[in-house]
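Have a look at the structure below, then the notes.
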Amino acid sequence: MQRRAVRYGDPMTRHDTVNDETMISRKRGAWEVFTRVFAYLRRYPWFGLGMMVCAVLTTLAGLAFPKLIQMMIDEFLHQRRLAEVYWLSGALLAACLLQNIFNFLRIQLNNRFEQRVIFDMRCDLYDKLQRLSVQYFDQRASGDLMTRVIDDVNAVERILIDGIEQGTTALLALFGVGYMMFVFSPTLTLWSFIPFPLLLAGALIYTMTAHNRYRAQRVAASGLNALLLDNLQGIRQIKGYGREPHESGRFGTKANDLRRATMRVMNAWSIYSPAMEFSAWIGYVVVFWIGGAAVLRGELTVGAFAGFLAYIGMFYSPVRQLHGLNQMFQAARAAGERVFDILDAPVEIGERPDATVLPARVAGAVEYRGVGFEYRSDLPVLRDVNIHARPGETIALVGPTGAGKTTVVNLLPRFYEATRGAVLIDGHDIRDLTLESLRQQIGIVSQEAFLFNGTIRENILYGRLDATETEMMEAAKAANCHEFIMRLPEKYDARVGERGVKLSVGEKQRVSIARALLKDPPILILDEATASVDTATEKLIQEALDRLMAHRTSFVIAHRLSTVRKADQILVLKNGQISERGSHAELMRLNGLYAQLCRVQSTAATIEECMEEMETA
C-alpha cells in the first residue's frame, strides 16, 4: 500500500488539544528577569566571590603577556641582552602558568556554582508546580511544563553564572587592556576607538529586535515537546487507528515551526556577528597603518608596536565576548519569562493563616450546604447542591455525562474551590483546614487507575510510605491482587511500566485499591472501575471495593446498578442539580427518572448510557 506523503501544514492535521495561547508567557522587562535570577546568587555568596576573584586574577595574569613580549623583542633584537631574555622567558612562562591555574579554579567554582543554582531553581520550580491547582494543569500541556523545568531553567541560569562572570571579566579586560594600551601609546589608543560607534549601534539594534525571535523559538520548542509527549503516551491509539502518517504530519508541522523560529535566530546572528567582527577589524587596520608609519619614522619601537598589537587583540576579544553575551542574555530572558510565569502563578487554593489541622482520623461526616461551582462566570456547573453523609454511609452519584458528578467529588479534597456555599467535614468548613490534614482523610480510586513507573511495591506503598511489608501484603490480599503478584517472576518488585502499561486494566485497578486500603482513610471517593473488565475480574474488583468501603464514608460515581442498590443515598444529578435523592427502594416508590432508568437498564448498559437514551427519546 502506498503511503501518502504528508506536507507541513497539511489540512488533514487537527488542531492541538492544548491552545497555543496557554504556552505564551507574559512579556517581562530585561531588568525584572535579571534581578529575579540574581536573587539566587545571594544563596552562595562565597562561590560567587571566589569565582570573580579568580576571573580577575586570570585577566591580570593575561595582561602581562604583551608587555613581556614587547620587552623581549626590544631587549633581544635591539640591545642583544641574552641574559634578559632568560628571565623574561621565565616570567612569561610563570604568567602563563598563573593564568591557567586561576582559570582552572574559576572553572571549578563556576561549575559548582552553576549546578547549585540550577538545582535550587529547578527544585523551586517543581515545588511551585506541586502547589498549583488542578485547574492550572487542565489548561497546559505536560510537555510545555517539562520544557520549562528542564531546558528553560538551564537557559535562565546562564544569565546568573556565565553572564555575570563573563560580563565582569570582559569589562575588567576592557578597562585593564585600555589602560595598558594608553600607557604604550595614547595616540594609537584613540585611533583604535574608531569602530566603537559601529559596535555600539550594532549591539543596540540586535538587542532591540532579538527578544521576540528567542521568545518565538522557546514557544515553538515547547509546542514540539508537548506534541511529542502526547504522542508517546498515546502510541497504542496511534497504531490502533493507523494514524502514523497523520501524526507524522502534525509532528512535521511543529518541527517546521521550531526550524523556522531557530533559523530566524541564526540568520540574525549570522549577520550581526560578522558585521561586528568586520567593524573590529577596521580598528586593527587603522592601528596597523598608523602604528606601522610611526615605527618607520622611529617614533615607536618594534617591540612596543608588537605589544600594542597584542593588546588591541585582547581589547577587541572582550568586545566580541560582550556581543556573544548579548545573544545569550536575549535567549535567557525569553526562557526566564516562561520560568517566572510558573513561579508567579497563583498557588493552589490557599490556606488561611490560622488554618485548622484535623485530628489524625475524623469520624467522616460530610455535608454540602448550598454548593455552587463554575469554571467561568458564564458557565455554571453546579447549582445549590445539598448533601448530608453520615459517618460510614455510601453516597452514589448517578446521572448523564456532564451532569456534574465528578465536580461534586473534586470539591471535597479541594481540587477546586466551591464558588458558593460550603463543604464541611465533621462540622469543619474545609476552607478553614490545612490542605495536608484534609487530604490525609480522603482516599481516591479513579476509574482510570494511575500507576507510577516503578515497582508494584512502590505503587502500593505510595498509600503510606512508612507501612511495613506485612501491612503492604495484607492490603494487597484485601484488594485481591496478592495472588497475581506472586505469579510474577519479580513478584512485588516487578516493574509496572509507564502508567502501569505492563498490567491489565483489572490488575492496575486492584493495585490502586490496595494503595487506598493501605492509606486507610475515613472518607473515600470512588469512580467505579468495573465497567471495562470481564465478569470474573469485575467480581474480584467488587469484592475489593466492598472491603475498602466498609466502615468508611464513600462517595461513588456509579455506572452500574449493583453499586447503586447498596448505597445509603442515591443522588440523581441533572444539569448540575440534584433532581432526586433517596435509597433505591425510596426512589423506586417515587417512580421518577431513577425508577424509569431501572426499568429500562439492561445488564450490559451503564446508568449514563440509559439516561442519555431516555433524554434523546
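The values are calculated or read from the model by the stated rules, or taken from the named source; none is laboratory data. The model shown is predicted, which means the values in this text are computed figures rather than measured ones. Glycine gets a Cβ as well: all are built from the backbone with ideal geometry, and neighbour counts include every protein chain shown.
Structure notes:
- The range 181-197 residues that are not assigned by TED's automatic domain parsing to the domain that holds residue 288 and modelled with pLDDT under 80, paired with ones that are outside any helix (DSSP H, G or I) and not basic (Lys, Arg) (beta carbon under 7 Å, 6 or more apart): none
- Those residues of the range 411-436 which are surrounded by fewer than 17 Cβ atoms within 10 Å (Cβ to Cβ) and assigned to a helix (DSSP H, G or I), in sequence order: 432, 435, 436
- Failed condition for residue 368, given (1) modelled with pLDDT of 90 or more; (2) surrounded by fewer than 18 Cβ atoms within 10 Å (Cβ to Cβ): (2)
- Condition met for residue 257 (of a type in the set (Asp, Glu), touching a residue at least 40 places away in the same chain (Cβ under 8 Å) and surrounded by 13 or more Cβ atoms within 10 Å (Cβ to Cβ)): no
- Selection from the range 452-472 of residues that are in a helix (DSSP H, G or I) and either in contact with a His (Cβ under 6 Å, 6 or more places away or on another chain) or not polar (S, T, N, Q) (or both): 456, 457, 458, 460, 461, 469, 471, 472
- Qualifying residue in the range 122-133 (condition: modelled with pLDDT under 70 and either not assigned by TED's automatic domain parsing to the domain that holds residue 413 or not in a helix (DSSP H, G or I) (or both)): no
- Residue in the range 492-504 that is modelled with pLDDT under 85, among the acidic types (Asp, Glu), not in a loop (DSSP other than H, G, I, E, B) and not assigned by TED's automatic domain parsing to the domain that holds residue 391 present: yes
A quick yes/no check of all residues on (1) modelled with pLDDT of 80 or more; (2) among the small types (Gly, Ala, Ser):
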position	(1), (2)
518	yes, no
522	yes, no
536	no, yes
546	no, no
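- Among the candidates 392, 372, residue that is in contact with a Gly (Cβ under 9 Å, 6 or more places away or on another chain) and more than 15 Å from residue 575 (Cα to Cα): 392
- Looking only at the range 473-488, and only at residues there that are over 36 Å from the mean Cα position of the chain (by Cα) and in a loop (DSSP other than H, G, I, E, B), the one that is modelled with the highest pLDDT: 487
- Residue match in the range 291-300 (condition: modelled with pLDDT of 75 or more, more than 30 Å from residue 189 (Cβ to Cβ), surrounded by fewer than 18 Cβ atoms within 10 Å (Cβ to Cβ) and touching a helix residue (DSSP H, G or I) at 6+ places or on another chain (Cβ under 7 Å)): no
- In the range 361-381, the residues that are in a loop (DSSP other than H, G, I, E, B) and touching a residue at least 60 places away in the same chain (Cβ under 8 Å): 361, 362, 363, 364, 365
- All positions within the range 382-409 that are more than 20 Å from residue 545 (Cβ to Cβ) and not in a loop (DSSP other than H, G, I, E, B): 382, 383, 384, 385, 386, 387, 388, 407
- For the range 457-472, taking the residues that are within 21 Å of residue 503 (Cβ to Cβ) and without any contact (Cβ under 8 Å) to a residue 12 or more places away in the chain, the one that is nearest to the chain's Cα centre (by Cα) is identified as 458.
- Among residues that are within 22 Å of residue 552 (Cα to Cα) and not hydrophobic (A, V, I, L, M, F, W, C), residue 434 is included.
- In the range 462-485, the residues that are within 30 Å of residue 411 (Cβ to Cβ) and touching a helix residue (DSSP H, G or I) at 6+ places or on another chain (Cβ under 6 Å): 462, 463, 464, 467, 475, 478, 479
- Condition check for residue 338: closer than 30 Å to residue 216 by Cβ and at pLDDT below 75: no
- Any hit, the range 321-328, residues being part of a helix (DSSP H, G or I), surrounded by 19 or more Cβ atoms within 10 Å (Cβ to Cβ), among the hydrophobic types (A, V, I, L, M, F, W, C) and at pLDDT 75 or above: no
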